[in-house]
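Okay, structure first, notes after.
The values are calculated or read from the model by the stated rules, or taken from the named source; none is laboratory data. If you're wondering where the values come from, they're calculated on a predicted model, not measured in any experiment. As a convention, Cβ positions derive from the backbone with ideal geometry for all residues, glycine included, and neighbour counts pool all protein chains shown.
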Amino acid sequence: MVTVTFRLDDALHRRLSRRAHGADLSLSAFIRSVLSRAADPDRTYIYSSKDEILAVAIQTFAILVSAVGERSPQALEKGQGYARQLLDERGLLAEEGRS
């Protein structure tokens, strides 16, 4: 196996590490998998992990809370805050949306 050394900025390293953790892979195994898939011209999507499934579940939860929010704005606010916190903890929230 060939060893390749390259530099990453800290923010990219953190994001890749979160994604690797979410896929239950070491960072090295995750990057190998992403590069292998990216090099395959027949692939249309590079990588899927539990993070995408979790993001859908969190978004579904937020929509449910929104519907409840029509009856109780306090419940809506609480649910959105909780969803934002979960997304942030998993590295699924854009930098500008972080608290």
* Give the residues of segment 5-34 that are over 18 Å from the mean Cα position of the chain (by Cα) and either in a loop (DSSP other than H, G, I, E, B) or modelled with pLDDT under 90 (or both), sorted by residue number. => Thr5, Phe6, Arg7, Leu8, Asp9
* Kindly list, by first and then second residue, each pair from a residue in segment 52-71 that is surrounded by 15 or more Cβ atoms within 10 Å (Cβ to Cβ) to a residue that is among the polar types (S, T, N, Q), limited to pairs with Cβ atoms under 9 Å and residues at least 6 apart or on different chains. => Ala62/Gln80; Val65/Gln80; Gly69/Gln80
* Given (1) at pLDDT below 80; (2) in contact with a helix residue (DSSP H, G or I) (Cβ under 6 Å, 6 or more places away or on another chain), where does Ala38 come up short, assuming only one miss? -> (2)
* Hits in segment 2-44 - residues which are in contact (Cβ under 8 Å) with a residue 24 or more places away in the chain and either aliphatic (A, V, I, L, M) or more than 20 Å from Asp88 (Cα to Cα) (or both) -> Ala11, Ala23
